[in-house]
Amino acid sequence: MNIACIGTGFVGVVTAGVLAKLGNTVIGLDIDAKKVESLKSGIVPFYEPGLQELLVETQKIGLPAQAGNLTFTTDYETAIKNADIVMIMVGTPSSPDGQADLKYVFAASESLAPYLKENAIVIVKSTVPPGTNQKVREIIKGKTTVNFEMASVPEFLKEGTAVEDTLHPDRAVIGVESDRARDILVELHKPLTTNVVIMRPESAQMCKYAANNYLATRITFINQIADLCEANGADVQEVIRGIGEDKRIGKHYWYPGLGYGGSCFPKDVKEIAAYAHSVGESESMFIKIDDLNEKRIPKLMAKYDKLVGGFAGKTVAILGLSFKKNTNDTRVAPSLQVIPWLLEHGAKVVATDPKAIEEIKSLLPPSVSYVSTPDEATSGAHVTMLLIEWDEYMGLDLAKMASSMQDPKYFFDTRNQYDSAKVISAGLNYKGIGR
Ligand code: UGA
């Protein structure tokens, strides 16, 4: 199939690469010429495992005289005129009232409309509130006389495993208005998954909000349980093992910590809360979830401050600056709240990360020192805080760390990755979450 992917952000690039790998002819479009030039030479402006290789493979970079089936352009006519399927995957920043700002979705709709092919299917893949397709349809109709259909196919990929998630999704949710669009989109997704759930576009859009908000609620839930465990000597990891055996609850995606971050959950919870308000649901639980998540880090830092006898004058080693492992994305990363808190309370901060040091530097005060290894960070520190469970931080030499740190030699394991007994026997003080 001929496919146009509008927007070469995270979802756009991964989707374009994967659809091209399946043998489709794909054109990725972005209005940012610098980005397009970079993608044409196979260079991805962010770190995502396997993505660069996918772009090199599908564009056949380095293989002269062979055109790949993925190309990039800044020109709407080039991208749209032959496309059977047009996917809108542009950003939807939050507006001041918390709702999704759809200006880029609408601008893309207006730009693509004049070049649309007869019977093309226009898919809104950006996360948007239900009802957006109607507005997009009206915008396109104002600029074309061809027949076209609207559809909604939300994306469920995770950063850090985006290529794998797109190649092997748990399911494809396809929101369509006709049997024809259903058949075409089922066919398109067949090489990826046969677990296809067909519904109307509004339901597909709600699926995306429901999935992300359920997961964010689940994280908030286990964080609350963890806090209760701390009050009574229970260990939340044992509680997770116990409840996970209940098939209705399940064993996965239970990592208590500093709260959820990244570019999606914080934004999607605020959006659904604002959306609920806009349709008259003022008692929405999502307002509370958002509030609890916002307050989580200051609450835990105040607790840690007491444990170490005050952070003032202490050196703190921070391990992990991105919002999670295997990405250099720092949007709503715990480090962006933890480090300013420590500096405001008189601590000196030495930070490290395998991929995100350059990305975080401009977002933090200049007094933060950066080093390239955990050994350098922890040597001489009074406190070590593991914020992100990068593989590089999983087998730390605890005895070496203990001998190079200064009293009170506290190890805050905010991802519950270490066995507390082992940490303590190595000569460190240990504090996990909910244990
Ligand atoms: C999330 C969803 O998982 C994807 O399905 C969705 O497609 C994506 O948002 C999106 O809307 O684009 P992502 O933000 O990449 O993906 O990352 P997650 O791995 O889900 O983690 C989100 C945040 O929750 C991170 O801060 C993570 O540390 C935190 N988290 C996750 C926990 O605190 N505990 C957990 O058990 C799991």
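The values are calculated or read from the model by the stated rules, or taken from the named source; none is laboratory data. Worth saying up front: this structure is predicted, and the values here are computed from it rather than measured. Cβ sites come from the backbone with ideal geometry, for glycine too, and all protein chains shown count toward neighbours. Ligands, DNA and RNA are excluded from the accessible area calculation, which covers all protein heavy atoms including side chains. Shrake-Rupley method; radii C 1.70, N 1.55, O 1.52, S 1.80 Å.
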Any idea what the dipole of the range 35-77 comes to, in debye rounded to 20, about its Cα centre with Lys/Arg Cβ at +1 and Asp/Glu Cβ at -1? 100
Could you derive backbone 3J(HN,Hα) for the range 368-383 from the dihedral phi with the Karplus parameters 6.51, -1.76 and 1.60 (θ = phi - 60°), listing whole Hz in sequence and x where the residue is Gly or Pro? 6, 9, 10, 10, 8, 10, x, 4, 5, 5, 7, 5, x, 7, 7, 9
Solvent-accessible area per residue for the range 301-372 (1.4 angstrom probe, square angstrom): 41
Running a GNM on the chain with Cα contacts under 10 Å, which residue among PRO408, PRO201, PRO366 ends up with the highest mean-square fluctuation? PRO366
For the chain, find the longest principal axis of its Cα atoms and tell me its angle to the long axis of helix 132-141, 0 to 90°, nearest 10. 30
Per the charge dipole of the chain (beta-carbon charges, Lys/Arg positive, Asp/Glu negative, Cα centre), the residue among VAL197, VAL332, GLY42 reaching farthest to the positive end is VAL332
For the range 375-421, what is one quarter of the convex hull surface built on the Cα atoms, given in nm²? 3.1
Expected max-MSF residue from GLY91, GLY250, GLY23 in the GNM of the chain (alpha carbon, under 10 Å) is GLY250
Over the chain: Kirkwood hydrodynamic radius from C-alpha pairwise inverse distances, Å: 23.6
Got the relative contact order for the chain handy, in percent, Cα pairs under 8 Å and 6 or more residues apart? 11
For a quick protection proxy, order the peptides 189-200, 290-301 by their average other-Cβ count within 10 Å, most packed first. 290-301, 189-200
Once fully extended, how much extra length lies between ASP183 and MET285, figured as 0.36 nm per residue of separation less the alpha-carbon to alpha-carbon distance? 33.0 nm
Cross-link pairs LYS303/LYS355; LYS208/LYS251; LYS35/LYS208; LYS190/LYS295; LYS103/LYS288; LYS251/LYS348 - those with Cα-Cα distance over 32 Å: LYS190/LYS295; LYS251/LYS348
Nearest 10 degrees, 0 to 90: what angle lies between the long axis of helix 10-21 and the longest principal axis of the chain (Cα atoms)? 60
In the chain, what % of DSSP beta bridges are antiparallel (nearest 5)? 5
With charges only on Cβ, +1 for K and R and -1 for D and E, what is the dipole size of the chain about its Cα centre, in debye, rounded to 20? 280
On a 0 to 90° scale, report how tilted helix 335-344 is relative to the longest principal axis of the chain, with both axes built from alpha carbons and the result rounded to the nearest 10. 40
Quickly estimate the mean residue ellipticity at 222 nm for the chain, helices only: each DSSP H run with n ≥ 4 gives -39500 (n - 2.57), and the total goes over all residues, rounded to 500. -12500 deg cm²/dmol
If packing is taken as the average number of other Cβ atoms within 10 Å across a peptide's residues, how do 99-106, 138-145, 390-397 rank, most packed first? 99-106, 390-397, 138-145
Net charge near ALA4 (other residues with Cβ under 14 Å of its Cβ; Lys, Arg +1; Asp, Glu -1) is -1
At what distance in angstrom do the alpha carbon centres of the range 250-314 and the range 123-189 lie from each other? 30
Just how large is the dipole of the range 67-184 about the Cα centre, in debye to the nearest 20, putting +1 at every Lys and Arg Cβ and -1 at every Asp and Glu Cβ? 280
